Amino acid sequence: MQKYFSPSLLSFFKNDIFHRLPKKNFNVLDIGCGDYSIFEEVELEKMHVDAFDLVCKPSNLNTSKVSYSSGDILQTNTQKYNSYDLVFDSHCFHCLKSNEEQEIALGNIYQLLKMNGIFTAEIMVQPFSKKVLFPERLVREVVDIEQLILNAGFKINYFVVLPNMHFYFETKKIEVDCDMLRIIITK
């Protein structure tokens with residue numbers, strides 16, 4: 001099993017998200033987790049975690065405390081609507097390749113959340129200082145993401161831009177500097 005995840009995601013969850021969740025049992029959906037969810041690194045006493053990704057290999061994770069499956073946020077199961085207290089984005093959103101895909105994903109996330117449920121994400125955004133091209137990604141301006149969130153019906157609780165972040169693309173062997181938007185929004 002590959003144990004790769006972004007340490008910034010774990011820090012974001014522990015420092016800014018966890019205390020906002022219900023005190024009793026709650027359900028989490030981790031989208032874009034790859035083969036290893038950050039929730040493997042979190043005490044799961046009071047939460048149930050489902051995790052999915054297009055490239056997830058659940059057969060490798062049968063002993064895990066997280067329920068893994070292959071899935072696509074652009075195609076959700078309507079039986080799961082209104083099921084989750086938290087949908088946690090493990091760097092999935094900025095990997096969607098079009099405006100339409102990002103709109104569909106946000107609409108599906110909205111449907112998956114319970115009333116007052118939380119969606120959180122770290123999203124690559126265009127830097128304030130210059131435009132940057134990203135391989136195989138649609139990376140928007142911050143103001144465009146804000147409008148997309150509001151159009152989907154979410155309420156913004158936390159909206160912070162971290163400047164000058166470094167992202168490495170293994171497949172292209174390049175490093176790109178851009179800004180990162182951290183959001184916590186509710187249904």
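The values are calculated or read from the model by the stated rules, or taken from the named source; none is laboratory data. Fair warning: this is a prediction, and the values are worked out from it, not measured in the lab. Every residue, glycine as well, gets a Cβ built from its backbone with ideal geometry; the counts of neighbours run over all protein chains shown. To get the accessible areas, we keep the full protein, side chains included, count just its heavy atoms, and leave off ligands, DNA and RNA. Shrake-Rupley method; radii C 1.70, N 1.55, O 1.52, S 1.80 Å.
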Selection from the range 130-145 of residues of a type in the set (A, V, I, L, M, F, W, C) and either surrounded by 15 or more Cβ atoms within 10 Å (Cβ to Cβ) or in contact with a helix residue (DSSP H, G or I) (Cβ under 6 Å, 6 or more places away or on another chain) (or both) yields V132, F134, L138, V139, V142, I145
Residues of the range 146-155 being in contact with a strand residue (DSSP E or B) (Cβ under 6 Å, 6 or more places away or on another chain) and open to solvent by less than 50 Å² (accessible area, probe 1.4 Å), which ones? I149, F154
Output for the range 33-46, where each listed residue is open to solvent by 20 Å² or more (accessible area, probe 1.4 Å) and in contact (Cβ under 8 Å) with a residue 12 or more places away in the chain: D35, E40, E41, L44, K46
Residue in the range 143-166 that is at pLDDT below 85 and charged (D, E, K, R) present: no
Filter the range 84-129 down to the residues that are β-branched (V, I, T), surrounded by 20 or more Cβ atoms within 10 Å (Cβ to Cβ) and over 13 Å from the mean Cα position of the chain (by Cα) and list them by number. V125
